[in-house]
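Reading through the structure tokens given below for one structure.
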């Protein structure tokens, strides 16, 4: 974790934590850095943004920094994070930049950097950007004369992405009624256009972005609106995206939520039945529900567990050649088609499986029974010291033994705060609460506990 760039970019309150100057300096360094890799042509950096009011400010600042260092800036304008990833890797760009704070409210924003393969930028280069922001080196040369870069409108890239998505399903969606909640964000044009191109009858909500309403009571973080809309509209299925559309949650025909864990199971089971899951493995994070693992065991599908964050999921998938992975929140990665979570692609995959199997989503998801979960954030005096404490370790072991095959406990560190997250999954909320409190009591008796946050 760097000073500014975390696992999902440089994110914070616009104008306060993340300023236009930060964006300009980021563009300055990227333009200079990638210009140094070319001798007879200019470096090319592509930029996308979501619908936040501040995204336009950062787009201009980034582009100004890039061209003033002698590279060309290509503007996709409002588009999704996976679109930037796709265009970066297929159109020969040196680097991709997405301006978005994902599922956060409008007053936050972020800068996500991608390498030439459309993957999240490596820490080494992000560390260099951070050092430059903080004054090391003190100066970088400005381009002059015809060496100054050009800013280029690149709407065509967004259209190519829609065309790419549209050719992935092998069957038409004709006669399929689909409801889309676009969160007043990046997907508001792209998602309906893609489903329309495939012949679906599309119903939409939250497709009127005004710069301030992104994610507001909308999208994957407020899916209750889509649940009601699917039932009232008579749709067969609904899909909810977040602000930059790298997440997708689904709603079945009864108005029940189908989360990322269930989506991964549906996809893995289907592809295995077709002989298209060569590693027979799904990559999850440690926060995936115990019910997913039980269902995968029953289906004889293996799984890996990574730290929380789709970055770590992708790294595991790439290292071991796995094709499906993701998070319960709806970051699902289909590595054959994308280098990042792609909400619209995820929706297309679920819709395709429904069309191929002729089964409703409720039936496809029925094998996964989600276990109740209780998670408490505990402030401690020393995270590592608490984790290493024999009494705390014994408490975790006691809970694990007590639950057996009917649940689990998990103790993990926050990456940014003096907090341990204590989680339990079991057959009832009462049992979860009992196990979590048992571990917290051990922390208290050992003198590590400061407070339990509400």
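The values are calculated or read from the model by the stated rules, or taken from the named source; none is laboratory data. This one's a predicted model, so the numbers in the text were calculated from it and none came from an experiment. Don't worry about glycine lacking a Cβ; one is built from the backbone with ideal geometry, like all the others, and counts go over all protein chains shown.
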Legend entry - Criterion (under 23 Å from residue 127 (Cβ atoms), assigned by TED's automatic domain parsing to the domain that holds residue 119 and in contact with a helix residue (DSSP H, G or I) (Cβ under 6 Å, 6 or more places away or on another chain)) met by exactly one of 58, 86, 33: 58
Legend entry - Unique match (being out of contact with any helix residue (DSSP H, G or I) (no Cβ under 9 Å at 6 or more places or on another chain) and under 18 Å from residue 385 (Cα atoms)) among 451, 433: 451
Inset, instruction - Being farther than 29 Å from residue 243 by Cβ and either surrounded by fewer than 21 Cβ atoms within 10 Å (Cβ to Cβ) or not assigned by TED's automatic domain parsing to the domain that holds residue 188 (or both) narrows it down to one of 355, 378, so name that one. - result: 378
Legend entry - Residues satisfying the stated conditions in region 64-79, i.e. out of contact with any strand residue (DSSP E or B) (no Cβ under 7 Å at 6 or more places or on another chain), in a helix (DSSP H, G or I) and touching a residue at least 60 places away in the same chain (Cβ under 8 Å): 68
Legend entry - Only listed residue being at pLDDT 95 or above, assigned by TED's automatic domain parsing to the domain that holds residue 28 and surrounded by 24 or more Cβ atoms within 10 Å (Cβ to Cβ), chosen from 97, 67: 97
Inset, instruction - Give the residue that is nearest to residue 242 (Cα to Cα), with candidates limited to residues of region 204-216 that are touching a strand residue (DSSP E or B) at 6+ places or on another chain (Cβ under 7 Å) and either surrounded by 19 or more Cβ atoms within 10 Å (Cβ to Cβ) or assigned by TED's automatic domain parsing to the domain that holds residue 76 (or both). - result: 206
Inset, instruction - Kindly establish whether residue 152 is modelled with pLDDT of 95 or more and assigned to a strand (DSSP E or B). - result: yes
Inset, instruction - Please name all residue pairs, on different chains or six or more residues apart, with Cβ atoms under 7 Å, provided the first residue is in region 302-318 and is surrounded by fewer than 18 Cβ atoms within 10 Å (Cβ to Cβ) and the second residue is modelled with pLDDT of 95 or more and in a helix (DSSP H, G or I). - result: 304/316
Legend entry - Verdict on residue 82 being surrounded by 18 or more Cβ atoms within 10 Å (Cβ to Cβ), in contact (Cβ under 8 Å) with a residue 40 or more places away in the chain and over 17 Å from residue 10 (Cβ atoms): yes
Inset, instruction - Taking the options 346, 369, name whichever one is outside any loop (DSSP other than H, G, I, E, B) and either in contact (Cβ under 8 Å) with a residue 60 or more places away in the chain or not assigned by TED's automatic domain parsing to the domain that holds residue 268 (or both). - result: 346
Legend entry - Residue count for region 304-343, restricted to those that are over 27 Å from residue 192 (Cβ atoms), in a loop (DSSP other than H, G, I, E, B) and touching a strand residue (DSSP E or B) at 6+ places or on another chain (Cβ under 8 Å): 5
Inset, instruction - Starting from residues that are touching a helix residue (DSSP H, G or I) at 6+ places or on another chain (Cβ under 9 Å), in contact (Cβ under 8 Å) with a residue 40 or more places away in the chain and part of a helix (DSSP H, G or I), keep the ones in region 396-430 and report whichever is surrounded by the fewest Cβ atoms within 10 Å (Cβ to Cβ). - result: 398
Inset, instruction - Tally the residues that are assigned to a helix (DSSP H, G or I), touching a helix residue (DSSP H, G or I) at 6+ places or on another chain (Cβ under 7 Å) and surrounded by 18 or more Cβ atoms within 10 Å (Cβ to Cβ), restricting the search to region 163-192. - result: 4
Inset, instruction - From the list 139, 124, pick out the single residue that is in the same structural domain as residue 28 (by TED's automatic domain parsing), surrounded by fewer than 20 Cβ atoms within 10 Å (Cβ to Cβ) and not in a loop (DSSP other than H, G, I, E, B). - result: 124
